[in-house]
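Below: one structure, written as structure tokens.
Derivation of every value follows stated rules applied to the coordinates shown; laboratory data play no part. All of these numbers come straight from a predicted model, not from anything done at the bench.
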């Protein structure tokens, strides 16, 4: 039985480059739908199911940043990679703010693009699998049950809100490793807007208060990336 192919939405206004990318990815066993502007790309996205979006930034009718925000508003988890001739820091920041998972600057090799795409798809698959499996966690001296939304230490039980529990579960699943900030926002808040990001910072502060009784447990801010839960285990 053959496995189902990964479906890619490719938005690229340079038809020569677009056709080249499509042919290369199809040769690597992807299904590719090519759009030549942002509006056409969103029309395709609205009608079909895709596993990954490759979006050029500078496109007519609708640019890649606008397109990414529209895609994020209806699908908080689909991976988005920007393809762009720009390399300025401000453009990269705007790209990630718009919901990008990665950012690749032209000119790039086909091999580099394929490596980036496969790495993102693996990460998304692993995160999805992790979220569906475990419900009970040991966090230093604490016992956390994400199903019951309870955090227990020495017989004292704290009842968590849904968002507190969902965020703590993501931290536990990535304990002693970095939890990507944008992934956490899209998983728990269903978007990665500025206001959601500020809300998440408040929830991180709340979780730190819950966990303060064990000095070995710590939630670190990893600048530009996300958070890391140190469990002391």
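Assorted remarks:
- Subtracting the Cα-Cα distance of residue 148 and residue 111 from 0.36 nm times their residue separation leaves 8.8 nm of extension gain.
- Relative contact order (%) - the chain, alpha-carbon pairs under 8 angstrom, separation at least six: 13
- Rounded if a/c under 1.5, otherwise prolate or oblate - the stretch 6-130, Cα gyration tensor axes: rounded
- Proportion of all alpha-carbon pairs of the chain beyond 21 Å (%): 59
- Over 21 Å [Cα-Cα, the stretch 134-230], rounded percent: 25
- Residue of 41, 98, 27 that the Gaussian network model of the chain assigns the largest fluctuation, springs spanning Cα pairs under 10 Å: 27
- The three principal axes of the Cα atoms in the stretch 1-61 give end-to-end lengths of 42, 25, 13 Å, sorted in falling order.
- Among beta bridges from DSSP that stay inside the chain, the antiparallel ones total about 50%.
- Helix-only CD estimate at 222 nm, as mean residue ellipticity for the chain, using -39500 (n - 2.57) per DSSP H run (n ≥ 4): -13500 deg cm²/dmol
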